[in-house]
Every structure is written in C-alpha cells, then in structure tokens.
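To start, the structure under review is shown below, and the notes come after it.
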Amino acid sequence: MLRDLVHRTRALFRRRTVERELADELRFHLEQSVERHMASGMTPTEAQRLARLEFGGIAQIAEACRDARGVSVAEITLQDLAYGWRTMRRSPMLSIAAVGTMTLATAAIACVGSLADALLWRAIPVDASDSLITVAATRGRPGDGVVSYPDYVSLRDRARTVNGLAAHYSTAPLFVVAGGQAREVNGAVVSANYFPLLGMQPALGRFFGAEEDRVPDRDRVVVLGYDLWQSWFAASPSAIGSVLTINGSGFTIIGVARSRPPGLTPMPVGLYIPTMMLRVGYRWCDDALAVSCTVVSMIGRLAPGRTLADASSEFAAIMPAAWAGAPIGENRGLRVSRPRGMSEDDQEPRLVATLGVVAIVLLIVCCANLGGLLSAQSAVRQTEFGVRMSLGAGPLRIVRQVLTESLLLALVGGAGGLLLSRVFMAALARMFFAMDDEGHPLSYDFSQSAGVTMATLAVAVAAGVLFAVLPAIRAMRAPLIGVTPARSTAPRWSAARWLLAAQAAIAVAMLAIAALLAFSARSVLEGRNYDTSHVALMRVRPRLVQYTPQRAQQFHHQVIERLRAMGSVESVSMVGLGSVLSGGSARVSLPTWAPEQQLAVHYNEVGPAYFATLRTPIVAGREFDDRDTAESPRVAIVTDSLAARLWPEGAWIGSSIVIGQTRREVVGVVADLAIHSRRDSTQFWAFAPFWQNSGQVDSRLAIRTTGDPALLLPDLAREVHRVDPAVPIAETITLPTRIAALTRPVRVGALFIGYAAALAMLLTAVGLYAALAFAVSARTKEIGIRVALGAAGARLIGSIVGEGLTVVVAGAAIGVALAAAATKVVASLLYAPAAADWMFYAGSAGLVTAVGVGASLLPAYRAAAVQPIVALRQD
Amino acid sequence: MDLPQGTLDLLILKAVALEPQHGWGVAERIRQISNEALKVNQGSLYPALHRLERRGWIKATWDLSDNNRRAKYYELTKAGRRRLEQQTDAWRSLTSAVNLLLDHH
C-alpha cells in the first residue's frame, strides 16, 4: 500500500524522469531486437524495420505501461486541465460565452439558495441552536400562534421537557422619548429568562432578572439595543441609570445588549422591557396581561435528552383546559417546531419554491445550450481527438478530457455565479427587504452560508457533467487518423433542433410569466377603482398617551381641519381598523336572515371623503360626510358586488343591513375595490362611519395631495404635531410605497423570472445562430452548387430563415401552453384579471419568434453570399 | 502458442527468480525455456512488468547489459518470492486437477 503510494507519487512528481526511463527501457528492447536481426544477416535498415514491426506501436505500449503503473488521477487531471486551458484559450469567444452563461445561471441558483436560507431554513444564530424550539398556538386556520401571558405562565410552569420557556413580543411599536428625540422604535417585551435562554450577554450594565419581571407594572426597567445606545446616547456609559419615556411612562435604563442580538423576527429590536410591562408595550387589549389578550410568542430550549416529539406530546397534554372546546379562529392547540428562517409571510415559501424551479429550469436550458455549442466544437475537434486516439489514448481518456474541460468551465462559471449572486442579493435586499409595508426598517441576513456555497458548486458540477454528455459522445466517435476521411460529415441537426425548440418554449413561458407578474404589480399600484398616486399615509396614536375617546375625537377633528387647510392637500380621511385599503372583518346579514345565513365580509370604519380620497367611484347614493356622527342614524356603504349579492333586484339605497349586531341603513354603493389575487374570489366590503364608533381613539390617515406625497410627509407630520406634540405619529409613508411592500413577492418574482427569461431568450438566439451558422458552413459546397445552378439569393435566405423559424414557432407554440400551465401555479401572485392573459402569451411568443428570425438572418445572408467558385474549390 | 489468461505474471516472476533480467531477457528466457513454444508479446510484457513493480513483487535497478548498454533490470522482492511460491502451487494444483479431468475415461 505504502509502496504503491510512493510509486504513484514518484510518477506524479518525477514525471520527466519516469517518462525518460520508460522510453529508455523500450528503446533498449528495440535495439536488442535490431542487433539480433543483424546478427542473422540482415542489413541495418531491414533489421530496424522488422524490429519495429515485431515490437508494435511504441506509443500504445508506453500508454499501457503508464496505465499499469497507475499513473495518478491527479496527473491525468492536471494534464487534462492544462489541455483544457489551452483549448479554452484557442476559442476564447466560446469559452467566455460558456463561462458567462454558467455565471449568470448559477448566480440565479445561489440567489434562490440565499433567499431560502434566510427566509426558510436558517437556525437562530445562537449556541446550541439545535435545542431551541418555538411553541405556537394553532387556531384551525393560518394565524400567528400567539398566546396570552397567563397561558404562557401556566405552560412554562408545567412543562418538563424544556429547560426554560421564554415569552416575547418582538414587534412592539414603542414610542420613545429621550434626550430631545421622540420616535417610534421597534421594541421587544420579553420575559426575564429570554436573555439566558438565547445566550445573550450585556455589552454594558445588566439584563433584568426574574424578580424584576414578577409584579405587574412595578419594575420600569429597560435594556437598550446596541444601535439605539449608539445613536441616541452616543454610546455613553452614563446612559445606564438615566430615564427614558416609553409610551408615556418613565423607564430606567439598566443595560445595553451586545450588537447583533439574535433576532427572532426581521425587525431589529431597539429596546427590551419586561413582560410585566406589557400594559405599557401593548395597547390593543384593555388589559394586556389578561387571559383574553393573546400577545406573546414562546421560545424554549429542550431539556437534555428530550426530543421535539417529547415536547410535542407534552405540550398537547398540558394545554390550557379552556382551549379544548374553542371554536376555529381561537387558540385550540399547540405546535412545537424548530425555529427556522425569518419568513413571516405565507406567500414566501411558495415564492421561493417557484423561483427555485425557475432557476433550475434556467440552468437546464444553459446546459442544453452549452451542450449544443460544445458538441459543435467537439465536431470541429474530431481531427484532434482522432490524432490523440491514434497516439494511444483510449476512448475513456478522451471522454475524461471532454469532461474535465466541461467541469473547468462549470466550476469557473459557478465561482463567478457565487460572486455575482452576492451583488444580486445586496440589490434584492435593498430593493425589497429593507422596509415592511408600514415603513418599519427590516434587517434580513442574506449572507451566503457555507451550505449555499457548497450546494451551488455541486449544482455547477452536475451541470458540467450534464453539458459534457453530447460533446463526449461525439468525441468518442472520432475516427482514427487515416482510417476514414478526416473531414467530418455534415452534422445532423435534428436533435439540436429539438433542444432549441425546447429552449424557445421555456423562454416564451418565462417571458410571459414575468410580464404577467410585472403587470400585476403595476395594476395593484395603479388600482382598479382606486388610485394610490398622491396619497400619503400617517398613523396617529393618541391611545399611547392615554387619550380618552372623547379627547381623541376632538384631536382628530382638529387634525383634519388643519390638514385640509394646507394648500397642497386635496382631501383627508381616515380608517379605524387595520390600514387604508385593508381593514378587519365582520359578519353581515339582512334583518330577515337567520343567524347561520350571515356573510363574512371585509369591514372598515372610514371617515368622511374616504372614497373621494382614494378616487373610488360611487355607484349609487353618497359617501359618508360630516352628517354621519355618533348621534345620527346608523348608516353603511357596501361595494357593488355585495349589494348585488344582498339585493339582486336592485333598490339598494335605503335598504337595511345588519353589520355585526348593528342595523344600518345603506346610503351608498361604491365600486368593487379590486385588490385581491386571482386565487381569491371577489371580496365583499362593508363600511361604517368612523365617527359612529364611539370607542375610536387611534386612526390611520389617508391624505390626497396635489404634489409628490413623499416630499410632503414631513410637513404633514409637523401639522399634526401642532395640534398636540405628544401624540405619537408613525408609519408616515406614501400609499404606493406601502402597496409596493405588500406586493413584494410579486415584484421579486417579476424581477427574478424576468432575468431568467431574458437569459433564456438570449441563449435561444445564440443557440439558433450557432446551429444555423454551423449548418451553413458545413453545407457551403451544396449551397455553392445551388447558387451555380441559378438559385436566387432570396430563396436561399428564405430557406435558411425558414429552418430557424420552424424551430422557433414550434417552440413558441409549446411555450404558450407551458405559460398557460405556469399561470395557474403562480395564480396567488397575480392581481390582474385573467381575460388579458392571452395578450402576454401572444406578445412573448411574438418577441421570441422575432428574436429567432433575427438570429437566423445572419447565417442566411452569409449563405447567400457564398461564391460558387470558392465553395466548389473547397475540399 | 498464446499464453493462457493470467499466466504471464507467473512466468515473469519465474523468469526473474534466478537472476535479475531486463525486459528483453525476460522475453528471451520464456521463449528459450519453453522451447520456443511460448511467445510473449511486448505489448503485454512491459505493462505487466510495470504492474508487478507497482505491486512490489519485483523491483527495478538500472545496470549495464552484456553489450555495455544501460538497461533496466528487474529482480524478485521478498513479497515477490512468496507470491511466486503461492502462484506455482496454485498453478500445479489447477493443472493436475485439469489433467485428472482430461485423463478420465
């Protein structure tokens, strides 16, 4: 074994010596043979001839000896690499095209990998993250899985399979006033065991302990995030002990967390307060610590030796008793899982899967293309392979050579793709993942993990093997020198033809889907029956500073008056639930209906001039105005389709509708707000006046401006602050910005698939051009004869372009079918009506066909320019 | 007569067992001792020599030949001697078994 190794190593490093010795040895044999023949009376010439004849092919014997000696794999590979490098340099355009193609295709693969890693796969970056678990409530339908604080305490105290269970509410919008600054900061309300559970260490001071998280509302202590400490307190150690105001209450700073704490959500945490301060941090329940207020998420650490399954069965057993009979929509079970990825959007897994399929299809298209190109090159290299085989190289050795060359291209391309994907991911993060739909900053870690790097390189290697298949088969069929004419026969292009048609089909399908997605993103933004342009949004939250509903109403009236008085403001309105263009839900019915006939609809409480502000057409009646107050009769507005559903025979205005428990008179019907994807059917909406809910305190304003709303945002905020500077203002963004953030998956999909489509189209064009150009050059003689016999140039061009066109048209037809199928897959990302789809299919097919014709024209003109006399002289 | 499959290694080991031989010598010796009955093809002789060397059954040294030329001489190693004995026994028992079978009427 050792000897074997020594032998092989010697063969590798002392190759020259070993080679010379081999040559000497074989020459000695020949000379002996020559001497013997001369001794028997032959002339030296005769003797030499006979000796060589007897000996056989020296090159083959030497090669067999090298094989026998077990020349190392490394040596052959080095040789092949050197050879491959020379080949690459000899046809630089082909090599650049191949490496470039691989770079662009593997960059797409690496991007999907990084997206999937950050959004879906990555564990929380803490020590022993394997034993971390999240415990989430299930509700029989998609929901966030939060539980109430008392339920958390009962689970924490009874669970034995975990070594600690922490509660956290990591997306608490806290209005912080300190050191002359006042701003909404994302905070986390966490139990005291949160810090040790995640292995966090303070950079300064300390974290709060169990005693400080035991009595409700007593210990007003806060731990600052590192970045907040830096920006608000200039990283001064004297920050410890000072007091800042959170949602109107004073808190003492006791510590600073280290930078880059393990985030459990994409929203960076600016400060941490104890769960006993939930009543300050969470204002949507009357008592945030009550069992009816579901607010905290749970994260725990498995006890040593315990598994996920142990914890699952235990938590099912210790679930609060009241949950057992709970209806769908309320907490009724517990799910234990490992925390993976940062995704909070149920569309994202589907998006990532779709992009993954697109990236793989793109890579396969590249393989087909490169396989075709290299196979054409391999046909040109028949002579070279023939020479090598005549010199003793076996077919396997040649295949190996071709494979090494392909892998070289693939790996260089793969490495390039990894680098390029970093650029792409940085751009994606900046364009789409920097801000949520309410204007809060987000922080996703899209850095390339070792796993993604390895997987991408593995995929590149697989691709290299894949696109080596065709050229390798061709190379193996290379005829020996002198055995058959060295000139290759005309290449068959039927197989290549089908590959090209498939590429064209994929290009058409990708192009159509990308266009559909881009159009969807645009149509949501431009809106049907609403107009987002020139609308600014702002959230005013008097509840955080303990406003009563009465005082809040006064405040709102003053704010609206002031804003309306601004020259650049056209109209102002507001919503009481959720946000502008969305809202909450309600059950509606007619007074005559039985309870089980109730319809679930979308619902919001909107201010006067809401529909004027959104430019939603009023189909009948009027919209809410200042007449609709808490004292006036209860009124409602419904959308067109809901009206048609409730009163099919018309006569909507003046009819009665029951929303929740309240009977209201319909005063207006508005056009349907089409802001739903194709997967959802038309949405019914009902609206009640903002002022008829006497409990209203907070609101989200919608302000239509005459100029660019983005530029006006600071002025608008200043105007609101003039009414009461203490009332927190947040989420000051424009409506288009918000819609763009809401439709992130659509826009990411459009950009990514558009990239893939552009690349696929380019590849189809290059592939078609190369195949036709090669066919023309191989048929120069035939074309020459036809020209000599009087074939017109136009007919020649027609016949070549016709060949290309057949392929592209066949591909485009398949592509349209593919696109129609793919449209169904991405239906949840499509917002525009399906009626116009055919235009996108036709447009994509037309574009790819046009590009195909363009790619065919060049070789066709070259064919037409063939001089018969030159062509016929060619061998 | 062509060599039966697998016997070349045995013949080479035997040929270099007495004294170191170069490739030409090995071929000559096999030819002479077998009364010209066995002929070794160079195309298989040299790869076989290199293979046996790699296995460690023979080792090579460069020396001057009878006619004063540099030649590569192969000699048996200890492992090679053991191998030769094993192979010889194996060959004997094989041939005697085959003989028995052939002689059986």
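Each reported figure results from applying straightforward, stated rules to the coordinates on display, with no laboratory input. Computed from a predicted structure; not experimentally measured. Don't worry about glycine lacking a Cβ; one is built from the backbone with ideal geometry, like all the others, and counts go over all protein chains shown.
Positive-end ranking of A:PHE690, A:LEU289, A:PRO395 along the dipole of chain A, with charges on Cβ about the Cα centre, is headed by A:PRO395.
The ranking of A:GLU731, A:GLU570 by Cβ neighbour count inside 10 Å, starting from the fewest, reads A:GLU570, A:GLU731.
Efficiency by 1/(1 + (r/R0)^6): what FRET value for A:GLN347 and A:VAL380, r their Cβ-Cβ distance, R0 = 35 Å, to the nearest 0.05? With R0 = 35 Å, the Cβ-Cβ based efficiency is 0.10. Please work out whether the range A:602-669 counts as rounded, prolate or oblate from its C-alpha gyration tensor, where a ≥ b ≥ c are the square roots of the eigenvalues and a/c under 1.5 means rounded, while otherwise a/b larger than b/c means prolate and anything else oblate? The shape class here is oblate. Taking 0.36 nm per residue of separation and subtracting the current Cα-Cα distance, fully stretching the chain between A:ASP130 and A:ALA850 would add 253.8 nm. Computed over the alpha-carbon atoms, the protein assembly as shown gives an Rg to Rh ratio of 1.14, Rh here being the Kirkwood radius from the mean inverse distance. The Cα center of the range A:151-225 and the Cα center of the range A:410-433 differ in position by 37 Å. Between the alpha-carbon centres of the range A:771-799 and the range A:636-654 there is a gap of 71 Å. Look at the dipole of the protein assembly as shown built from charges on Cβ: of A:ILE273, B:GLY80, A:LEU614, the Cα furthest out on the positive end belongs to B:GLY80.
Close amide H contacts of A:VAL295 (hydrogens built in the peptide plane, cut-off under 5 Å, sequence separation of 5 or more or a different chain): A:VAL147, A:SER148, A:TYR149. Summarising the label geometry, the points placed 7 Å from Cα in the beta-carbon direction at A:ARG722 and B:GLU36 lie 12.6 nm from one another.
Note on B:ILE33, A:ILE733, A:ILE58: ascending count of other Cβ atoms within 10 Å places them as B:ILE33, A:ILE58, A:ILE733, the fewest first. For a label point 7 Å from the Cα of A:THR265 along Cα→C-beta, name the residues of the range A:314-351 whose backbone N is under 18 Å from it. Only A:339-348 fall inside the zone, counting backbone N under 18 Å. Charged side chains reduced to their Cβ positions (Lys and Arg at +1, Asp and Glu at -1) give the range A:490-622 a dipole of some 260 debye around its Cα centre.
Using the Cβ-Cβ distance between A:ALA612 and A:MET454 with R0 set to 56 Å, the FRET efficiency works out to roughly 0.45.
Once the Cα-Cα distance is subtracted from the 0.36 nm per residue extended length, the A:ALA788 to A:ARG340 segment shows a gain of 154.1 nm.
Distance between the pseudo-spin-label points of A:GLN683 and A:VAL545 (7 Å out from Cα toward the beta carbon): 3.2 nm. Please work out the C-alpha center-to-center distance from the range B:1-79 to the range A:346-368 and express it in whole Å. Between the Cα centres of the range B:1-79 and the range A:346-368 lies a distance of 61 Å. Distance between the pseudo-spin-label points of A:THR629 and A:SER313 (7 Å out from Cα toward the beta carbon): 6.6 nm. Helical runs assigned H by DSSP (4 residues or longer) give chain A a calculated mean residue ellipticity at 222 nm of -17000 deg cm²/dmol, each run adding -39500 (n - 2.57) before division by the residue total. Counting Cβ atoms of other protein chains within 10 Å of each residue's Cβ and taking the mean over peptide A:59-68 gives 4. Extension gain, A:ARG258 to A:SER585, is 113.6 nm, computed as 0.36 nm per intervening residue step minus the present C-alpha separation. Mind giving me the FRET efficiency for A:LEU50 and B:ARG92? R0 is 56 Å, r the Cβ-Cβ distance, nearest 0.05 is fine. My answer for the efficiency is 0.90. Straight-line reach from B:LYS14: taking Cα to Cα under 21 Å and skipping same-chain neighbours fewer than 8 places apart, the lysines in range are B:LYS39, B:LYS59, B:LYS72, B:LYS78. Restricting the range A:629-672 to GluC sites (Glu not before Pro) that sit in a DSSP loop and have at most 13 other Cβ atoms within 10 Å of their own Cβ leaves A:GLU631, A:GLU649. Each Lys and Arg adds +1 at its Cβ and each Asp and Glu adds -1 at its Cβ; summed about the Cα centre, the protein assembly as shown shows a dipole of about 2960 debye.
For a test of the definition: using alpha carbon positions, the gyration tensor, and the 1.5 limit on a/c, classify the range A:225-364 as rounded, prolate or oblate. Since a/c reaches 1.5 but b/c is at least a/b, the shape of the range A:225-364 is classed as oblate.
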